[in-house]
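In what follows, a structure is listed as structure tokens, so that the remarks can point back to it.
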Amino acid sequence: MPRILWADDEIDLLKPHVLFLEAKGYSVETVTNGADAVDRAEADRFDVVFLDEQMPGMNGLDALQQIKGARPETPVVMITKSEEEHLMEDAIGRQIADYLIKPVNPKQILLSVKKILDGGAIRGARVQQDFLQGFGALAARLGGDLDFGEWTEVYEQLVRHDLELEGADEGVRQILDDQYREANRAFAGWVEGRYPDWIARVKDGQRPDRERPLMSHEILPTAVLPHLGDVGGSTERPVVFLLIDCLRYDQWLLFERQLHGLYDVERDWHFGLLPTATPYSRNAIFGGMLPIDLARRFPQRYTVDERQDEESLNAHEAEFLADLMGRKHRADARVRYDKLTSQSDGVQFAGRVSDYLQHDLSAVVVNFVDILAHSRSDTRILKEIAPDVPAYRALTNAWFEHSWLLAAFQELARHDCTVVVSTDHGAVRSLSPVKVIGDRETSTSLRYKHGRNLKVDHDDAIFVREPETYGLPRMGINENYIFAKGDGYFVYPTNYNRYVNQYRDTFQHGGVTMEECLLPIVTLRPKQ
């Protein structure tokens, strides 16, 4: 039975309230002054404490301070006759759970108790009920002919359920996971049937619409450069473009919660180029071109050879960006490019924000989220800390809440600038091994491969026989690409069980899921 302590020097007048609470199943103990309230709270545990703010001797605020000192976990509700703002602020500053103005009626008291003790359970039950009621409607929608805008709506709905159902009943979480898998199966089929047409429209110069999404190589010209205006103009505001490598939409939503008081937030979407990996989607962002066109324009610079180290695969992004500015904006724009790969890099960036704002455009790559995804794959303790998607998401958010990146956002919000945030790809938790056959020259990635004479079950992967139709360079005769669908990861038959166990339950990218392909573009304008 939940226990309530109620301190009020006129407690006898509140007897009907006490009887009402007891009839609702609560045990209520009463005292008439602050000192007795402190003694009882220190001696025993109560689920809720009600304190009258104006009591003779020790008043409610003083009693609150002592109770919180002894029992910081105990919820305290302050009740007062005064509506003075400074009293409310003082009480709130001391971490009260609720604040009520006299006269109070029994139902007000009951509502406050339920909100404190049962609010989480009540909200959780309602969220589960809403999800289960909407399950059929979402399932029916997945069977329809959706366009890009409708797919982003489906994904947003699933992500919202995912965030709201954290800690929900295991059976409900399983239903959500199954719906994610079903949605990703339908999504992969939708992409497979339309992607070559999108690329053809890009080559024809057609602009994005609801049928053809904005794609990675169009982010800078479409969503960033228009904010620059005329270089040297009197209304010019510097622009900072933050590309957070390997950022999923659900992770961004948690980051965004920390920024609402600082910025006006505007969200849009782009589709990550296939394969959703650094040599393709990220280089395309800074080059403003499809991978096939980057390979033609920069034959000595652009590479997709994964046998090279990660640094080599994106070593020329600054050069690609300078070329893009000359083609799409003005070559004399003051442009800066930085790649932040370590804590010290990030701390220096956060401490020197004003230096970056001396440029018309500062493009900054943040590698931490990508590093975390790969580290979880390689580090046993991280996999134990983040055993599933909600825990992995929470781990990323815990870093952000105490990071130099949040400090940088806070500093940028003090300046007259525009901040655009996006990513090159997301990541998906890979749980299902998929057998693939290829020769020794086949690339090594787990969610996509390119090579000669690749063989894979078409139910598990998109098979690309003509790379040009996907905007991809052909590195040799008879070269094909394959992209994993759903939560699959590619494993060769040789030493099959070893690699299945090594890579199962790792976060990977390069394939075709909503998490990897449907990517946010967020424009942040500091609140004035």
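The values are calculated or read from the model by the stated rules, or taken from the named source; none is laboratory data. What you see is a predicted model; the values in this text were computed from it and never measured. Don't worry about glycine lacking a Cβ; one is built from the backbone with ideal geometry, like all the others, and counts go over all protein chains shown. Remember, those area values only see protein heavy atoms, side chains included, never the ligands or the DNA or RNA. Shrake-Rupley method; radii C 1.70, N 1.55, O 1.52, S 1.80 Å.
Relative contact order of the stretch 412-455, please, whole-number percent, based on alpha carbon pairs below 8 angstrom and at least 6 residues apart. Provide the component values of the computation, followed by the final result.
On the way: 22 pairs, mean separation 12.6, N = 44.
Computed value for the stretch 412-455: 29 percent relative contact order.
Choose one of W151, L176, Q133: the residue whose Cα lies farthest towards the positive end of the charge dipole of the stretch 122-185 (beta-carbon charges +1 Lys, Arg; -1 Asp, Glu; about the Cα centre).
Q133
Could you order the peptides 325-337, 419-431 from most to least packed, using the average number of other C-beta atoms within 10 Å per residue? Please list the in-between numbers first.
On the way: 325-337: 15.5, 419-431: 24.8.
Peptide ranking by packing, descending: 419-431, 325-337.
Magnitude of the Cβ-charge dipole of the stretch 166-228, K/R +1 and D/E -1, about the Cα centre, nearest 20 debye?
About 460 debye.
Using Cα pairs under 8 angstrom and six or more residues apart, how large is the relative contact order of the chain, in percent? Let's see the in-between values first.
Numbers: 869 pairs, mean separation 84.6, N = 528.
Dividing the mean separation by the residue count of the chain yields 16 percent.
Let me spell out the model: positive unit charges on the Cβ of Lys and Arg, negative unit charges on the Cβ of Asp and Glu, origin at the Cα centre of the chain. What dipole size does that give, in debye rounded to 20? Numbers along the way, then the final one.
On the way: 61 positive and 84 negative charges, 320 e Å.
The dipole of the chain has a size of about 1540 debye.
Send over a whole-number figure in Å² for the accessible area per residue of the stretch 168-216, probe 1.4 Å.
On the way: 2450 Å² over 49 residues.
Dividing the accessible area of the stretch 168-216 by its residue count gives 50 Å².
Calculate one ³J(HN,Hα) per residue across the stretch 457-470 by plugging θ = phi - 60° into the Karplus curve 6.51 cos²θ - 1.76 cosθ + 1.60, and present them in order as whole Hz with x for glycine and proline.
Calculated HN-Hα couplings, in order: 5, 5, 6, 9, 8, 7, 9, 10, 7, 10, x, 4, 5, 9 Hz.
Give the long-range amide H neighbours of H425: residues separated by 5 or more places, or on another chain, with amide H under 5 Å away, using H modelled in the peptide plane at 1.01 Å from N.
Hits under the 5 Å cutoff: C246, L247.
Calculated from DSSP H runs of 4 or more alone, at -39500 (n - 2.57) each and per residue, what is the 222 nm mean residue ellipticity of the chain, nearest 500? Could you put the intermediate results ahead of the total?
Working: 21 runs with 227 residues, N = 528.
Result for the chain: -13000 deg cm²/dmol, rounded to the nearest 500.
Give me, ordered by chain and number, the residues 5 or more places off Y489 or on other chains with an amide H under 5 Å from its own placed amide H.
Excluding prolines and chain starts, which carry no amide H, the hits are S432, V434.
Can you send over the carbon and sulfur percentage of the accessible area for the chain, probe radius 1.4 Å, protein chains only? Provide the component values of the computation, followed by the final result.
Details: 10980 of 23420 Å².
Accessible surface attributable to carbon and sulfur in the chain totals 47 percent.
Quick check on the chain: of the DSSP beta bridges with both residues there, what percent are antiparallel, nearest 5%? Don't skip to the end; give the middle numbers.
Working: 26 of 66 bridges.
Around 40 percent antiparallel, to the nearest 5.
Short version: ³J(HN,Hα) in whole Hz for each residue of the stretch 171-183, in order, from phi by Karplus 6.51 cos²θ - 1.76 cosθ + 1.60 (θ = phi - 60°), x for Gly and Pro, what are they?
For the stretch 171-183, the Karplus curve yields x, 5, 4, 5, 4, 4, 4, 5, 5, 4, 5, 5, 4 Hz.
For the pairs K203/K328; K339/K527; K15/K107; K24/K102; K339/K485; K435/K485, flag any whose C-alpha to C-alpha distance is greater than 19 Å. Provide the component values of the computation, followed by the final result.
Values: K203/K328 16 Å; K339/K527 27 Å; K15/K107 14 Å; K24/K102 22 Å; K339/K485 30 Å; K435/K485 13 Å.
The answer is K339/K527; K24/K102; K339/K485.
With +1 assigned to the C-beta of every Lys and Arg and -1 to the C-beta of every Asp and Glu, and no other charges, what is the dipole magnitude of the stretch 224-302 about the Cα centre in debye, to the nearest 20? Could you put the intermediate results ahead of the total?
Working: 8 positive and 9 negative charges, 81 e Å.
Computed about the Cα centre, the dipole is about 400 debye.
Karplus couplings for the stretch 31-43 from phi (6.51 cos²θ - 1.76 cosθ + 1.60, θ = phi - 60°), rounded to Hz, Gly and Pro as x?
Result, rounded to whole Hz: 9, 10, 7, x, 4, 5, 4, 5, 4, 5, 5, 6, 7.
Just to confirm, what accessible area per residue do you get for the stretch 268-378 at 1.4 Å probe, in whole Å²?
Roughly 40 Å² per residue, with all protein chains present.
Please sort 21-34, 238-251 by packing, taking for each peptide the average over its residues of neighbouring beta carbons within 10 angstrom, highest first.
On the way: 21-34: 16.6, 238-251: 23.7.
Ranking, from highest mean packing down: 238-251, 21-34.
Could you pull out every residue, at least 5 positions away or on a different chain, whose amide H is within less than 5 Å of the one on M58? Hs are placed 1.01 Å off N in the peptide plane, and Pro or chain starts have none.
Answer set, sorted by chain and number: G34, A35.
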